[in-house]
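Data block below; observations after.
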Amino acid sequence: MSDASLRPDTAIPQPAAPAQRRWKGNGYMTAGGVIMLFFAALALLAPLLAPLDPNAINPVQALRPFGFDHHVLGTDNLGRDLLSRLLYGGRITLVSSVGAALLATSLGTALGLIAAYYKGWVDTVVMRLTDILMGFPFILLAILIVAALGPSTVNALIAVAIANVPFTARLVKSEAARVREREFITAAVALGARHGRIVWAHMLPNIISITVPTLFMTTGWMISQTSALSFLGLGTQPPTADWGSMLAESQNYMASLPQVAMLPGLTIVVAVVGLNLFGVGLRSSLMRED
């Protein structure tokens, strides 16, 4: 053994941090993250990547195949460039879905935390309200809300967010109730800490492993639901494109030119799968760190 190995200041090799290894080796997060970044880049760069005005009508060139006259993905039933409409439609779909997911997760997390902390009649009221909302089929409740507010992108966002709040609230409440019984919460209550501080500064950070992955998976769910409302004519209104309205406009032309429906449909599927993969991978990593 050399003298250098006995010196107290000699650096001892340390193994890589387990958390770092878990994050690097998480295939779900990697695959989902790549898909998310891809769609985010397309949405942000749509004005630069779109070859034509997505709303420019040219009936003479309607329902043209791939590569026709500089239309890389062809044209729809009104002669509009499919690639341009997919790119700009992605911006509308992704922004509305992320907004709906943020709203639903924020409201659901707040309700779940309050119900778990205060318990008693507060818990009963919150849970009964969620039971009432969950008594309606998700899409039917969203349709009822949009019917009351009027069809538009913003109202579709609000509708699917409200319809999803009960699911998030129940999930958060079950986890927050477990955190509520831990010793550090009991100590904070005994020391006279303010209720708001206990809920938001102590309980909320300890349910991040539930809320953050739920946000990503909820976003994927919101893509499918906002697209469904647009497909029914209750979301984004013509001539503005989103993926759901593109599906609705193309359903009568699937036999003559399948890509007009397949392209927005496949785009929705891939985006939802990517967000779900990332959410599942993130949840597994966060829960193992706990």
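Rundown of residues vs (1) in a loop (DSSP other than H, G, I, E, B); (2) touching a residue at least 40 places away in the same chain (Cβ under 8 Å), yes/no style:
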position: Thr30; (1), (2): no, yes
position: Val34; (1), (2): no, yes
position: Leu37; (1), (2): no, no
position: Leu42; (1), (2): no, yes
position: Asp53; (1), (2): yes, no
position: Val60; (1), (2): no, no
position: Phe66; (1), (2): yes, yes
position: Leu73; (1), (2): yes, yes
position: Leu83; (1), (2): no, no
Open item on the list: Out of everything in segment 57-76 that is under 16 Å from Pro238 (Cβ atoms) and touching a Ser or Thr at 6+ places or on another chain (Cβ under 7 Å), what residue ends up being most open to solvent (accessible area, probe 1.4 Å)?
Closed with: Ala62
Task: So Met203, is it of a type outside the set (D, E, K, R), part of a helix (DSSP H, G or I) and open to solvent by less than 40 Å² (accessible area, probe 1.4 Å) - done: yes
Task: Members of segment 126-150 found to be open to solvent by 70 Å² or more (accessible area, probe 1.4 Å) and either in a loop (DSSP other than H, G, I, E, B) or free of Cβ contacts under 8 Å to residues at least 40 places away in the same chain (or both), listed by number - done: Arg128, Leu129, Ile132, Met134, Phe136, Pro137, Leu140, Leu144, Ala148, Leu149
Task: Members of segment 244-288 found to be more than 26 Å from Asn206 (Cα to Cα), of a type in the set (S, T, N, Q) and in a helix (DSSP H, G or I), listed by number - done: Ser245, Ser250, Gln251, Asn252, Gln259, Thr267
Task: Subset of segment 250-288 (residues that are farther than 16 Å from Arg91 by Cα, surrounded by fewer than 21 Cβ atoms within 10 Å (Cβ to Cβ) and of a type outside the set (A, V, I, L, M)) - done: Gln251, Asn252, Tyr253, Ser256, Pro258, Gln259, Asn276, Arg283, Ser284, Ser285, Arg288
Open item on the list: Give all pairs with beta carbons closer than 9 Å in which a residue from segment 154-182 that is touching a residue at least 12 places away in the same chain (Cβ under 8 Å) and crowded, with 23+ Cβ neighbours inside 10 Å meets a residue that is part of a loop (DSSP other than H, G, I, E, B) and of a type in the set (A, V, I, L, M); count only pairs at least 6 apart in sequence or on separate chains.
Closed with: Ala156/Leu234; Ala159/Leu234
- [ ] Taking the residues in segment 1-23 that are exposed (fewer than 12 other Cβ atoms within 10 Å of the Cβ), of a type in the set (D, E, K, R) and in a helix (DSSP H, G or I) as candidates, determine which candidate is modelled with the lowest pLDDT.
- [x] Asp3
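The values are calculated or read from the model by the stated rules, or taken from the named source; none is laboratory data. A quick note: this is a predicted structure, and the numbers were derived from the prediction, not measured. With ideal geometry, Cβ positions are generated from the backbone for all residues, glycine too; neighbour counts draw on all protein chains shown. The area values use the complete protein model at the heavy-atom level, side chains included, leaving out ligands, DNA and RNA. Shrake-Rupley method; radii C 1.70, N 1.55, O 1.52, S 1.80 Å.
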